[in-house]
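Enquirer: Next up is a structure, given as structure tokens.
Nothing in this text is a laboratory measurement; each read-out follows from the coordinates by a stated rule. Predicted, not measured: the structure shown is a model, and the values here were computed from it. Glycine gets a Cβ as well: all are built from the backbone with ideal geometry, and neighbour counts include every protein chain shown.
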Amino acid sequence: MSQPTRQALALLSAALLAGAAAGCSDGRQSASATRLGTAQAPEPSRADGSGTAPPDASPRGFTLVASGDVLPHDSIIKRAAADAGGDGYDFKPMFSGVKPLVSAADLAICHMETVYGEDGGPFTGYPAFQSPPAVAEGLKDAGYDGCSTASNHTLDGGSAGIKRTLDTFDEVGLQHAGSARTAAEAATPALYTAGSAKVAHLAYTYGTNGYPMPEGQPWAVNLMEQDKILADARAARKAGADVVLVSVHWGTEWQTEPDETQLSLGRALTASRTGGRPDIDLVLGTHAHVPQAYDQVNGTWIIYGMGDQVAGEMFNHSGARDVRGNYGSIGRFTFAPPAVAGGRWQVTRAEFVPQMTDLSAGRVVNLPAALAAHPGRKDYESAQDTVSEAVLSRGAAEHGLTMARQAPHPDATAPR
């Protein structure tokens, strides 16, 4: 680890340990979800049941949590079968270590890289994934509100795989962005309510591993085209979104540094403005299998790559076992309402949480929390150092990025 990175982390250690001991917030204001252009959630009733409550005069901020690739290899599927005790598949224990962090956020977004197989299987890992639908139950139980679903594996099961996946999301109550069952669905991005903000989520992928779009369904998966991303972001804003999140499946596998496509597209997306207001408020990157940097570009945060949240034993392009394939980061951003109506919602706190898939335990580990509770584990220390060095490698600490404490900061959300 470089000396500047060690100094930055040293300054954070006291706050990290104190916050980890504090535990997690109990009161989560769950994000309500719909689709832009569809019916909104019912308005709350007055306490006496006499009708619609008056609008809240005080705008409320929110916390957003986002995490990396969920990639169930064969070994991950077998672990979920073992956790189910021989009765199907149970992914809830796998995510239990990050559940306190995820469920405490007002809005939590994951990345479901694979599609689901038919009930009862067969289920497969690499190279053409067909994951158990029970993955969605595990994600929902952990506290996620929705996922990006555009990746190079989205067409592994053709249009039927997309339908199975999104049908399952509907059943468990997860939203999705990036793939669609109909043209109308593809044209209406996911919309959440977090705090008092309407938050739109869009998602795109660089490609689909050579699989063509299903016949007659050119909209099945969103491809990473700059003009389309910006047009979609502007449409979402015009339709009422206060905050626009863009997930992008991009980058060069096993490369810690963002590649030129990431850098150039990131600059273009963050530079785009309408009426002086940025069209995109946050960029969330996935795909590279290793943690990549966070950066602030044109005043907007970009996570170039969050790494894998769940994956089996990983081998890099040289064929060597690469533990970085089981490392990742979780981003947490606190948004505050604009000072004037119609202004930009501002990120007032930017944080990251190093995490890893502990293959021996079959669990996703919140590394700062685990090390605070059980100091001295060399594998966890090494993982946290590796993730932190990658995350901070482009100077994000200078823009205020810090390693998150276990519990949300007291000013992270408005009073409930």
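Enquirer: Based on Cβ point charges of +1 for Lys and Arg and -1 for Asp and Glu, what charge dipole magnitude is obtained for segment 309-377 about its Cα centre, in debye rounded to the nearest 20?
Expert: 160 debye
Enquirer: Along the charge dipole of segment 59-403, pointing to its positive end and built from +1/-1 on Cβ of Lys, Arg, Asp and Glu, which listed residue (T114, S382, L64) has its Cα farthest out?
Expert: Checking the options against the dipole of segment 59-403, the answer is L64.
Enquirer: What is the fewest-to-most order of V364, V323 by other Cβ atoms lying within 10 Å of their Cβ?
Expert: Ascending number of Cβ neighbours within 10 Å: V323, V364.
Enquirer: So for T252, T357, T63, fewest C-beta neighbours within 10 Å to most, what's the order?
Expert: The most exposed by this proxy come first: T252, T63, T357.
Enquirer: Could you point to the residue in L139, Y192, L166 farthest towards the positive end of segment 97-214's charge dipole, with +1 and -1 charges on the Cβ of Lys/Arg and Asp/Glu respectively?
Expert: Y192
Enquirer: While we're looking at this one, here's another question. Choose one of G319, L392, Y206: the residue whose Cα lies farthest towards the positive end of the charge dipole of segment 59-403 (beta-carbon charges +1 Lys, Arg; -1 Asp, Glu; about the Cα centre).
Expert: The listed residue farthest towards the positive side: L392.
Enquirer: Then there is this: Give me the Å³ per residue figure for the convex hull around the C-alpha atoms of segment 59-403.
Expert: Looking at segment 59-403, the number lands at 127 Å³ per residue.
Enquirer: Continuing with this model, one more query. So, by mean Cβ neighbours within 10 angstrom, what's the order for 302-313, 141-152, 199-210 with the highest one leading?
Expert: 302-313, 141-152, 199-210
Enquirer: Rounded to the nearest 0.05, what FRET efficiency is calculated for T274 and E118 with R0 set to 60 Å and r the Cβ-Cβ distance?
Expert: The pair T274/E118 has a calculated efficiency of 0.85.
Enquirer: Per 0.36 nm of contour for each residue apart, how much would the distance between S382 and D167 grow if the chain were fully extended, relative to their Cα-Cα spacing?
Expert: The span from S382 to D167 would gain 73.4 nm if fully extended.
Enquirer: Sticking with this one: Taking the Cα centre of segment 77-208 as origin, sum charge times position over the Cβ atoms of Lys and Arg (+1) and Asp and Glu (-1), and report the length of that vector in debye to the nearest 20.
Expert: 260 debye
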